[in-house]
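Okay, so here's the structure we're looking at.
Coordinate-derived values only; no laboratory data. Please read all numbers here as calculations on a predicted model, not as lab measurements. Here the Cβ is made from the backbone with ideal geometry for all residues, glycine too, and neighbour counts use every protein chain on show.
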C-alpha cells in the first residue's frame, strides 16, 4: 500500500482549490457577460422608448399650436382681434389647470 504523506495531501488540496477557483472564475465571467448583454438590450429598448416619447411630445406640441392658432382665428371672427389671443390663452390655462388638478388627484 502506498504511503500518503502530508505533502501529497497538501498538493491534492491545492489542486482541488485551483480547479474550484477556475470554475468560479468561468462562472463569474459567464454571469457578467449575460449581465452585459441584458443591460445593452435594456438600454437599447429604453433608448427607443425615449425617442418615441420625444416624438409624441413634439407631435402633441404641434397639434396644440395648430389648435391654438385655429381657436385664435375663430375668436378673431366673433370677438375683437385684440381680445382673441387673451381668450385662447385663458382657455389653454384653464385646460392646464384642469390637468394639474387631475394629476394631483391621481398622485394620491
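Compute the projected area of the convex hull of the Cα atoms of region 31-102, averaged over all viewing directions, and report it in nm² to one decimal place.
6.8
For the chain, take the longest principal axis of its alpha carbons; what is the angle in degrees between that and the long axis of helix 6-78, to the nearest 10 within 0 to 90?
Orientation of helix 6-78: about 0 degrees from the principal axis.
Could you state the angle between the C-alpha long axis of helix 84-107 and the longest principal axis of the C-alpha atoms of the chain, as a value from 0 to 90 degrees rounded to the nearest 10?
That works out to roughly 40 degrees.
If each of residue 52 and residue 102 carries a label point 7 Å out from its Cα toward its Cβ, how far apart are those two points in nm?
A separation of 2.2 nm, rounded to one decimal place.
Under the rule of -39500 (n - 2.57) per DSSP H run of 4 or more residues, summed and divided by the residues of the chain, what mean residue ellipticity at 222 nm is obtained, to the nearest 500 deg cm²/dmol?
For the chain, the value works out to -33500 deg cm²/dmol.
What's the extension gain from residue 36 to residue 16 if we count 0.36 nm per residue and subtract their Cα-Cα distance?
Between residue 36 and residue 16, full extension yields 4.2 nm more.
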